[in-house]
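What follows is one structure encoded as structure tokens, with my remarks underneath.
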Amino acid sequence: MNLEVTRVTWVDEWLPGYFDYQVKIAAGGKTYIGRGIDAVEDLAFAKAAAEALERAATYGLRDCWATAAYPDLSGAKERAYSELLGIDRVLCHHYCRRGVRVLGQEALGTSFPIKPFFKMLQKNRLEITILEFTPSLDAKVAGVFVSSLDPACAVKGFVKGYGVEKTLESAVIHALIECMRNSVTVFLGGATPNPGELSCGPTNPRWHFWQAQTAESMKYLRTHFVAGSVAGSRLEPESVSIADASFTQLNTLDSIFPEVPLCFVQAHSDKLLKPQFGRFQADMDTMKRLEMFNGSAVNLDASVPHFYG
């Protein structure tokens, strides 16, 4: 496998008590990279290794989203469904322009290193926005958005991360970790896109990552997500659950790593949006899903790309 393991150290300052590992493997003449962050060091490494193997298992698929790797089949199904649900929620709220719920830092709970984290945000003139999206019957969905307060910053938009978990606190922490590992790279490291990442196409979710860093995306976020937020202590769940999903087990690594102790799964559901990237495709199934989520006809505005990617 030509295994290479790197311990990434940004968490030491930003999230003391957490561990971040990058794992690189070789399979079938190609290289795959995974990242894993957790408060338990062994789990951080295991997550990184599983993500690298998942990317190897999904290589060549026309659609490699809503997939997961886990030691048992039920866990893999649950995580693949969570990714599919997260994508559905972000796209539905985006195109329907339905309100979300703005959360405060207390949503992170008492076990999270809140004080050092917010001290680092202040030191680096970064602002964080925590949002809750419409939950399903069996999961909470959160998004974390980080932008710069420095007028001289070249990034006029934001970096984001999403989390789908059983509890809102876990979803928020998941979203924050996903967001911050990229935010530190962009805002402090000055990361810029590779040429291929700026190509707008149906197989290039990275285009959405960079498009979110524009002033147009920031305006859309503030106008339709933050300013249009829902008041109250909770959002009503939509009648959707893992029971509405079907799953395909991926066996593409069997010939290369026949004894790998992971199950690889992809989730599908007629009740959730099929992931799509690049220019928005308003086909019949997509519009039907958006209208179901919205509860009425959708006045579609696809001028600003969605924020998942």
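Of note:
- The lone exception for Val100 - which of (1) closer than 17 Å to Gly161 by Cβ; (2) exposed (fewer than 14 other Cβ atoms within 10 Å of the Cβ) it fails: (2)
- Looking only at region 147-172, and only at residues there that are of a type in the set (A, V, I, L, M, F, W, C) and surrounded by 23 or more Cβ atoms within 10 Å (Cβ to Cβ), the one that is nearest to the chain's Cα centre (by Cα): Val164
Conditions tested, residue by residue: (1) acidic (Asp, Glu); (2) more than 30 Å from Val230 (Cβ to Cβ).
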| residue | (1), (2) |
| --- | --- |
| Glu13 | yes, yes |
| Gly17 | no, yes |
| Val23 | no, yes |
| Ile33 | no, yes |
| Glu41 | yes, yes |
| Ala49 | no, yes |
| Asp63 | yes, yes |
| Lys77 | no, yes |
| Leu103 | no, no |
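- Given (1) surrounded by 13 or more Cβ atoms within 10 Å (Cβ to Cβ); (2) on the phi < 0 side of the Ramachandran plot; (3) in contact (Cβ under 8 Å) with a residue 24 or more places away in the chain, index of the condition Glu4 fails: (3)
- Some residue of region 185-196 being closer than 24 Å to Phe112 by Cβ and among the aromatic types (Phe, Trp, Tyr): yes
- Count - residues of region 48-74 that are in a helix (DSSP H, G or I) and touching a residue at least 24 places away in the same chain (Cβ under 8 Å): 11
- Of the residues Ser147, Ser82, the single one that is in a helix (DSSP H, G or I), hydroxyl-bearing (Ser, Thr, Tyr) and touching a Gly at 6+ places or on another chain (Cβ under 9 Å) is Ser82.
- Note on region 16-35: among residues that are within 23 Å of Ile256 (Cα to Cα) and among the small types (Gly, Ala, Ser), the one that is surrounded by the fewest Cβ atoms within 10 Å (Cβ to Cβ) is Gly29.
- Any pair with Cβ under 7 angstrom, 6 or more apart, that starts in region 213-224 at a residue that is loosely packed, with under 15 Cβ neighbours inside 10 Å and ends at one that is at pLDDT 95 or above and basic (Lys, Arg): Ala215/Lys156
- Qualifying residue in region 269-277 (condition: over 17 Å from the mean Cα position of the chain (by Cα) and either of a type in the set (Phe, Trp, Tyr) or modelled with pLDDT under 95 (or both)): no
- Within region 2-42, the set of residues being in contact with a Phe, Trp or Tyr (Cβ under 8 Å, 6 or more places away or on another chain) and outside any strand (DSSP E or B) comprises Val11, Trp14, Leu15, Gly28, Ala39, Val40, Glu41.
- Check on Glu51, closer than 25 Å to Gly189 by Cα, surrounded by fewer than 21 Cβ atoms within 10 Å (Cβ to Cβ), touching a strand residue (DSSP E or B) at 6+ places or on another chain (Cβ under 7 Å) and not assigned by TED's automatic domain parsing to the domain that holds Phe118: yes
- Residue match in region 135-158 (condition: polar (S, T, N, Q) and closer than 20 Å to Trp65 by Cα): yes
- Subset tally (residues that are in contact with a Ser or Thr (Cβ under 9 Å, 6 or more places away or on another chain) and not polar (S, T, N, Q)) for region 273-309: 9
The values are calculated or read from the model by the stated rules, or taken from the named source; none is laboratory data. These numbers come from a predicted model, not from an experiment. Don't worry about glycine lacking a Cβ; one is built from the backbone with ideal geometry, like all the others, and counts go over all protein chains shown.
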